[in-house]
1. Going by the structure shown, is Val470 assigned to a helix (DSSP H, G or I), surrounded by fewer than 23 Cβ atoms within 10 Å (Cβ to Cβ), at negative phi and aliphatic (A, V, I, L, M)?
2. Say we look at region 293-302 and pick out the residues that are buried (at least 17 other Cβ atoms within 10 Å of the Cβ) and closer than 11 Å to His601 by Cα; which of these is modelled with the lowest pLDDT?
3. Return yes when Pro212 is touching an Asp or Glu at 6+ places or on another chain (Cβ under 9 Å) and not basic (Lys, Arg) and no when it is not.
4. Scan region 414-421 and tell me whether some residue there is surrounded by fewer than 19 Cβ atoms within 10 Å (Cβ to Cβ), out of contact with any helix residue (DSSP H, G or I) (no Cβ under 6 Å at 6 or more places or on another chain), at negative phi and in a helix (DSSP H, G or I).
5. If we scan region 487-504, do we find a residue that is in a helix (DSSP H, G or I) and within 28 Å of Gly316 (Cβ to Cβ)?
6. Any residue at all in region 48-60 that's crowded, with 23+ Cβ neighbours inside 10 Å and small (Gly, Ala, Ser)?
7. Please state which one of Ala222, Ala175, Ala152 is surrounded by 20 or more Cβ atoms within 10 Å (Cβ to Cβ), outside any loop (DSSP other than H, G, I, E, B) and either among the polar types (S, T, N, Q) or assigned by TED's automatic domain parsing to the domain that holds Ala51 (or both).
8. Which residue out of Thr368, Thr345, Thr374 is in the same structural domain as Leu552 (by TED's automatic domain parsing), of a type in the set (Ser, Thr, Tyr) and either modelled with pLDDT under 90 or surrounded by fewer than 21 Cβ atoms within 10 Å (Cβ to Cβ) (or both)?
Amino acid sequence: MDILLAGIVSGSTYALLAVGVSLVFGVSNIVNFAAGSVFAAGAMMGWFLAAVLAWPLWAVLVGVIVFTSLLGWLIFVVAVRPLRAAPGIAVLLATFAVGIILDNTSQRVFGAETRRFPSLLERSNFELFGFRFGTIALVIIGVAVVCVTVLAWVLARTRIGRAIRATSQDRDAAAQMGIPVDRVQAISFVIASALGGVAGVLVGMYFSNVAPTMGFTAGVQAFAAATIGGLGSLPGAIVGGLILGVAEAFGVALWGDSVRQLITFGALILVLWVRPGGILGRVPVVASEPMTGTFFGAGKPLRLNRWVAVGLIAAGALLPLVVGDYVLRTGALVWIYALFALSVTIAGGFAGQIVLGQAGALAIGAYTSALLVTKGGWDFWASFVAAGLVAAIFSVLLTAPTWRLRGHYVSMATLATGAFIAALALNLQDITNGARGIYGIPRPTFFGAPVSSAIGMYLLTFAVLVVALVIVARLGSSHLGRTWAAVREDEVAAASSGIHPAAYKSLAFGLGSVIAGFAGALYASQVTYLEPSQFGISLSVLAVTIAILGGLRAPMGAVVGAVILVGIPEFFRAFADWRLLFYGVLLLVLILWRPQGLWAHSDPLARAWGRIVRGPRGGGGSDTGREATAVREEVVS
């Protein structure tokens, strides 16, 4: 009975978050990735008001509602309104970046450590049929019921509620009828954020501790609950929250707390597989979201002429002659992360499908190589090949049923897959050694000789990266690459030309996972120690940020992004705690103002770059226009 009550209490808080997620999705067709971060910020503010300022519970709730409502409005103004004409995936990434900023700002303000939330209510002052429970459980359930009831009344009985419902049914028709759609969307973010803040306080009271890092899991739990019930359905969000809460409670009671994330992400993947419309919702019909104009339309990737490319390769190979071991070890990591980001370039840049969980493929590759070398006695290069193949097989199989969907559903599926793989690594202790990790992973060998020196690892990783860049660049200019470009530019037009967009996106994701698996094998041999926390969401964030910074369409952009985001910060280790905050700010700035990335033509510089690497050439017309024409001709042929 106590397990069931714990599940209902947790499910009530999940329901509050899920209602907010469904409300925003219904009004704006946006998955608000910052919802979990607002939840965590509300929990930390609640701790501050209750523990430091000693406010009573009612005042704490009021203060947190005001605080998180303001956060919701700021999220809309900063990350949503500027991108209202962009595809939904751009807004998803923008809220993703805002979530990173909020989480890390909260750590700087409140500290990264877990804080004890004061016990504002009794925990076991009632008894019924021999079962003891407290006022706190009743208050949490009661507050959740009141919040949802008030929201339902507002939506059904008030003018703003009718405007919200009209906007959720048809935004264009609502705008034509004079409804201020922007204002309605802003209000939906404010309401959702207020509900998230209340949920953060309730969770803090029930579990007696809070931390700034609790947001990501809570956000995915909210999305999972909303998806289980049916995205856009408020009753479905409540049902989904309760189902997830009860399932987690019984799972934790049977197998321990380590399975919590396994249940959450597994449930999300299962729902996206079987019934993406949810229990009370409908199968989503998401329009095609071509990436033109969001990341690609503003500029074409820069191209190197052959001799410039040879010169850069020679410079990279000769670098060990002028630098020390520390720089070489840093350089090896830069090349590994560039290879990792290249996997995002294939799926996102070539095929137009943003993937948010590539850390999962990296983890599979790293563990596969480490286990084969340490326990199976395999040679490194055999394990290297196996790492890429196993990473691709598992990644494609876990996401295969979701490729029939479109837009952010696939991106969320890749995110859930990556997190699910990391949770598996934590729980499969007989294979991965769980949280204790795998020690003593040997360095690679080359013709029987161990590559253990800093210069050896640098040259090895550099050589693998160069080969991968050449292969990926060839793929991009091949017939397959042009087919991917047709899918990227317009799925509907591609499908009408006989192309199967889902199949080609899945192929791009699989090839990207092969490269991520290769990067994982190199990573394992470089760091010589693996444990599940190394493959968290921050690693996937880093890969996406590197790719976007350099330019999603440009393989060379992965190198540029890795040098800037991985190489340069290594020389500023004193500011390591600020790194993720920097990544979040940079990702948001890029999405808003430089979506094409650094390795792309910008009109003031395009002609100068062309003179440097290609020499003067005649002819007019737009590069983008010529490329679009070439893609159409290739598809027709």
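1. Values: assigned to a helix (DSSP H, G or I): yes; surrounded by fewer than 23 Cβ atoms within 10 Å (Cβ to Cβ): yes; at negative phi: yes; aliphatic (A, V, I, L, M): yes.
Judged against the criteria, Val470 is a match.
2. Restricting attention to region 293-302, the residues satisfying the condition of being buried (at least 17 other Cβ atoms within 10 Å of the Cβ) are 294-296, 298-302.
From the residues that got through so far, the ones that are closer than 11 Å to His601 by Cα too are 296, 298-302.
Details: Phe296: 51, Ala298: 54, Gly299: 63, Lys300: 75, Pro301: 77, Leu302: 79.
Step by step, filter region 293-302, then rank; the result is Phe296.
3. Values: touching an Asp or Glu at 6+ places or on another chain (Cβ under 9 Å): yes; not basic (Lys, Arg): yes.
The answer is yes for Pro212.
4. Taking region 414-421 as the starting set, the residues that turn out to be surrounded by fewer than 19 Cβ atoms within 10 Å (Cβ to Cβ) are none.
No, region 414-421 contains no residue that is surrounded by fewer than 19 Cβ atoms within 10 Å (Cβ to Cβ), out of contact with any helix residue (DSSP H, G or I) (no Cβ under 6 Å at 6 or more places or on another chain), at negative phi and in a helix (DSSP H, G or I).
5. Taking region 487-504 and keeping what is in a helix (DSSP H, G or I), we get 487-489, 491-496, 501-504.
Remaining after also requiring within 28 Å of Gly316 (Cβ to Cβ): none.
No, the conditions are met nowhere in region 487-504.
6. The initial filter retains those residues of region 48-60 that are crowded, with 23+ Cβ neighbours inside 10 Å, namely 50, 60.
With the extra rule that they be small (Gly, Ala, Ser), the set shrinks to 50.
Scanning region 48-60 turns up at least one residue that is crowded, with 23+ Cβ neighbours inside 10 Å and small (Gly, Ala, Ser).
7. On the way: Ala175 fails: surrounded by 20 or more Cβ atoms within 10 Å (Cβ to Cβ); Ala152 fails: surrounded by 20 or more Cβ atoms within 10 Å (Cβ to Cβ).
When all the criteria are applied, what remains is Ala222.
8. Numbers: Thr368 fails: either modelled with pLDDT under 90 or surrounded by fewer than 21 Cβ atoms within 10 Å (Cβ to Cβ) (or both); Thr345 fails: either modelled with pLDDT under 90 or surrounded by fewer than 21 Cβ atoms within 10 Å (Cβ to Cβ) (or both).
After applying the criteria, what remains is Thr374.
The values are calculated or read from the model by the stated rules, or taken from the named source; none is laboratory data. Note that this is a predicted model, so its numbers are computed, not measured. Neighbour counts are summed over all protein chains in view; Cβ atoms, including those assigned to glycine, are modelled from backbone coordinates with ideal geometry.
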